[in-house]
Amino acid sequence: MVWTSRPVSRLHGVLRAPGDKSCSHRALIMGGIAHGTSHFTGLLEGDDVLRTGAAMQALGATVTRTGAGQWEVTGTGARGLTSPAAALDFGNSGTGSRLMMGLMAGYALTAELCGDASLSARPMNRILTPLRQMGLTDTAEPHGRLPFRLTGSAALQAITYAPPQASAQIKSAVMLAGLNAHGTTIVEEAKPTRDHTERMLRGFGAEVGVSRGAGQVRTISLLGGQKLSAIEAAIPGDPSSAAFLIAAGLISPDGNVLVEGVMSNPTRSGFYDLAELMGARLGAEDTGDAAGERLIDIQSGSASLIGRNVPERLVPSMIDEFPILGVLAAFATGETVVTGAEELRVKETDRVKAVVDMLRANGVEAEEREDGFVVQGCGGPPPGGGLVETRHDHRIAMSALIMGTASQKPVSVDDISMIDTSYPEFLAHMATLGADISEGAS
Ligand code: S3P
């Protein structure tokens, strides 16, 4: 169903960021194997996260919603996880499916895994390769795509692994398998990625070693057989979801947007650092912490943006923000160049292609590079007027709708249903700010 975002003269408002998707998955996963009952507030109730909760329930944990964003999880503790009665359907979720593969690898169980068309096209050998080295068996060969069957083992062997891609999902899958392996599992990251697994494992009482070597290399070590103990935690706000609101404030002719309770973590802050390099002045005020993460309120207002070469060191810490960066680049003066971001090719869709097509459909000059893209900024509102093909990608849909709030003509998208995977309140939040987004063509 086509939806359209029409240009509006102002966007003002105060909003609370939805719960962080990465932390919400991890809370349900770790709570589900811990000893005792954990309580979470502010959990993201997007489809991706709900499917991880359903999978943990099917594997033996008790996962109960007790109120809006409030969840109670009784872990399997010493009993461990058991084979589910039916296939585990991870929907659109790369994070849920990949982290759960790592977790299940360490238990004597067999499970069928499946997902939607987008997830079934994404590479899983990057996860299965280290897990096979530890003792997992699976039926994914040779293509490494869902659906397939996994058989875990209670006798996994720890490994030392240097992921070939900068990926928190690979790191986390290996660490979750390592939790139930014999020996010390070590992950060597050439480029640091989001560190929520490390932080949350510590929160649940595990000892996790983290050391820095030459250059950016981070070494993470985890002794197998450690017990997790239930926690009470508030899930911090998602900086990746907040980025859409902050961008809306920046491109609006009269923007004043305050987003409260956003997680401030250097492994997630690349978009904000880059927006400032492009000329945005973002207000940020410390407001405490939640679940071992710092929280800030972030404010944005109308800005004259300048195109930049995105420093490659920022890429892992803004890996989900490239679609909305593409929108900022369209409004900026001058050229924005993204390199070293080949991982975008294997996200919910090929995001290099999807971003370039989104911009071109709206009169913006943009071109693909093997490992990124180049955008010629319009030095103000881009023409708009296009219909964007979202290809089951929630972040392409949200980015296009944000672009429509301030482009010369409305911007339409072919589908909005998948926005629910990560940000179910997106349309309500945009309406609060004063956006004009509704069903139908322009
Ligand atoms: C995530 C890691 C990232 C990110 C995804 C969430 C996580 O994927 O794109 O949305 O929670 O670990 P990669 O680790 O594959 O880059």
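Please treat every number below as a calculation from the coordinates, not as lab data. In this text, all values refer to a predicted model and were calculated from it rather than measured experimentally. Glycine also receives a Cβ, built like all others from the backbone with ideal geometry; neighbour counts cover every protein chain displayed.
Worth pointing out:
- Seen from Glu285, the other residues with C-beta closer than 12 Å to its C-beta sum to a net charge of -2, counting Lys and Arg as +1 and Asp and Glu as -1.
- Contour excess over end-to-end distance, with Cα ends at Arg294 and Glu276 and 0.36 nm allotted per residue: 4.5 nm
- Our Cα-only numbers for the stretch 21-230 put the radius of gyration and Dmax at 15.6, 47 Å.
- Against the chain, whose longest principal axis is taken from its Cα atoms, helix 21-33 shows a tilt of about 10°.
- Simple label model, 7 Å out from Cα along Cβ direction - Arg202 to Gln133, nm: 2.5 nm
- In Hz, Karplus ³J(HN,Hα) per residue of the stretch 419-431 (6.51, -1.76, 1.60; θ = phi - 60°; x = Gly, Pro): 4, 4, 5, 10, 8, x, 8, 3, 5, 5, 5, 5, 5
- Computed log₁₀ I(q)/I(0) - Debye formula, equal Cα scatterers, no solvent, the stretch 189-242, q 0.14, 0.26 Å⁻¹: -0.50, -1.05
- With each label modelled as a point 7 angstrom along the Cα→C-beta vector, the Glu112-Arg313 pair spans 4.9 nm.
- Near Ile231, the amide H atoms lying under 5 Å from its own belong to Ser38, His39; only residues 5 or more places off or on other chains count, and H is placed 1.01 Å from N.
- Along the stretch 161-178 the Karplus relation, 6.51 cos²θ - 1.76 cosθ + 1.60 evaluated at θ = phi - 60°, assigns HN-Hα couplings of 9, 10, x, x, 10, 6, 9, 5, 5, 5, 3, 5, 4, 5, 5, 5, 5, x Hz to successive residues, with x for each Gly and Pro.
- Amide hydrogen proximity for Leu88: with H placed 1.01 Å from N in the peptide plane, the residues at 5 or more positions away or on another chain lying under 5 Å are Glu112, Leu113, Cys114.
- Partner aspartates and glutamates for Lys171 [C-alpha distance under 13 Å; skip if fewer than 8 residues away on the same chain]: Glu188, Glu189, Asp195, Glu198
- Computed per residue of the chain from DSSP H runs no shorter than four, each worth -39500 (n - 2.57), the mean residue ellipticity at 222 nm is -8500 deg cm²/dmol.
- Taking every DSSP bridge with both residues inside the stretch 113-218, close to 60 percent are antiparallel.
- The GluC sites (Glu not before Pro) of the stretch 359-420 meeting both criteria, a DSSP state outside H, G, I, E and B (loop) and at most 10 other C-beta atoms within 10 angstrom of the site's C-beta, are Glu370.
- Diffusion coefficient of the stretch 248-337 by Stokes-Einstein, Kirkwood radius over Cα pairs, 4 °C, 1.567 mPa s: 96 µm²/s.
- Using the Cα coordinates of the chain, the gyration tensor eigenvalues translate into equivalent-ellipsoid semi-axes of 36, 22, 21 Å, sorted from longest to shortest.
- Using a Förster distance of 22 Å, the FRET efficiency for Gln165-Glu367 (Cβ separation, nearest 0.05): 0.40
- Extreme residue, positive dipole direction of the stretch 21-230, given options Thr151, Ser22, Gly32 (C-beta unit charges): Ser22
- Taking 19 Å as the cut-off, the amide N atoms of the stretch 47-68 that come nearer than this to a point 7 Å along the Cα-to-beta-carbon line of Lys227 belong to 61-62.
- Nearest-0.05 FRET efficiency for Gln57 and Gln408, computed from C-beta distance (R0 45 Å): 0.40
- Inter-label distance for Thr432 and His35, nm, one decimal - labels placed 7 Å from Cα along Cα-to-Cβ: 4.1 nm
- Nearest-0.05 FRET efficiency for Ile306 and Ala441, computed from C-beta distance (R0 35 Å): 0.55
- Using 0.36 nm per residue and subtracting the Cα-Cα separation, the extra length available between Thr184 and Arg65 on full extension is 39.3 nm.
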